[in-house]
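Contents: one structure, followed by commentary.
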Amino acid sequence: MFVASLFNLKGGVGKTASCVNFAYMAAKDGYRTLLWDLDPQAAAGFYYKVQSDEKATAKKIMDHSMELADAIHHTEYEGLDVIPSDLSARKLDLILGEQHAAKKQLKSLLKSVSKDYDFVFIDCPPGFSVLADNIFHASDVVFMPVIPTTLSVRTYEIVKAHFADKSELEKLMCFFSMVDIRKNMHKDVMAQLHKDKRFFEYYIPYLSDIEKMGVREAPVEAFAPSSYAATCYRALWNEIKEGVLE
Ligand SMILES: Nc1ncnc2c1ncn2[C@@H]1O[C@H](COP(=O)(O)OP(=O)(O)O)[C@@H](O)[C@H]1O
Ligand SMILES: [Mg+2]
């Protein structure tokens, strides 16, 4: 089982959009795939038309009053399951902080489903936290979408320093998100950061078909398979598979 998470210190950079699309493409490639949404905004589950049936599921999983397997929902897509989030995910930091071996809880919870899935994608809330430390520890790779602006370069340096501190820098891989290639700033920042070998070549442009995911409640390849947006996600996903799976 390979665990990949979508993280950034910032919100609104395309973590959820890419998590939802990567999970869809992984399942379509034939990998048994689970998407675990750990953001209280619960958007990933929304895109897959899946909601928790019970109240406070996120909290119950983390405080061991509910089995992880019981929180799993099938989606309408073959080979793709989702653990939706809910507002109780706001409290995960407090719950985890009180536990013994606080950073290792998520990894140990995932062991219970390790035979059932080839890929797990985790959608993270923004920010550093005990939850984020858990996610980094449990992940084989952490993908960070970066909008190529000057401020994002600063955020990228902060995240890199944080990962280096935790001795997990080798897990951090990045790609550009919401790119407007007509903007000189975007081009300049991409050229600068591409020198750092942590960035994939393919990137995700700013495209209205990606925004439409909210209206269609589906990943782009499902409702617009021949769109430019679907082509971009597919190209990046293929590059990611080559980069991380061998
Ligand atoms: N490449 C893109 N082009 C256009 N809109 C995008 C793109 N990626 C994400 N969005 C939109 O931007 C908003 C924030 O994206 P989201 O993936 O939820 O970010 P995050 O999870 O990092 O907070 C959403 O409304 C989403 O539909
Ligand atoms: Mg999100």
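The values are calculated or read from the model by the stated rules, or taken from the named source; none is laboratory data. Keep in mind that what you see is a predicted model, and the values were worked out from it rather than measured. All Cβ positions, glycine included, derive from the backbone under ideal geometry; neighbour counts span all protein chains shown. When the accessible area is computed, the model is the full protein with side chains, heavy atoms only, and any ligands, DNA or RNA have been set aside. Shrake-Rupley method; radii C 1.70, N 1.55, O 1.52, S 1.80 Å.
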Solvent exposure of segment 110-204 as accessible area per residue, Å², 1.4 Å probe = 45
Could you give the distance between the Cα centres of segment 167-211 and segment 14-82, to the whole Å?
-> 26
Rg ratio (alpha-carbon, reference 2.2 N^0.38 Å) - the chain = 0.96
What does a probe at residue 74 reach in segment 34-60, counting residues whose amide N is under 20 Å from the point 7 Å along Cα→Cβ?
-> 34-37, 45-54
Within the accessible area of segment 16-69 (1.4 Å probe), percent carbon and sulfur | 47
Hey, quick one: spin label on residue 141, modelled 7 Å out along Cα-Cβ, who in segment 82-120 has an amide N within reach, i.e. under 14 Å?
-> 119-120
Could you rank the peptides 122-134, 173-185, 65-77 by their average count of other C-beta atoms within 10 Å per residue, with the highest value first?
-> 122-134, 173-185, 65-77
Just the number, please: carbon plus sulfur as a percent of the accessible area of segment 150-241, 1.4 Å probe, no ligands or DNA/RNA counted.
-> 54
The aspartates and glutamates whose Cα lies under 20 Å from the Cα of residue 49, excluding any fewer than 8 residues away in the same chain, are 37, 39, 70, 76, 78, 81, 86, 123, 209, 211, 217, 221
Partner lysines for residue 197 [C-alpha distance under 19 Å; skip if fewer than 8 residues away on the same chain] | 160, 171, 187, 241
Expressed as a whole percent, how much of the Cα-Cα distance distribution for segment 102-246 exceeds 24 Å?
-> 41
Which value in Å is the Kirkwood Rh of segment 1-63 over different Cα pairs?
-> 13.0
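From the C-alpha coordinates alone, can you work out the Kirkwood hydrodynamic radius of segment 143-218, in Å?
Details: mean 1/r = 0.0746 Å⁻¹.
Mean inverse Cα-Cα distance, inverted, gives 13.4 Å.
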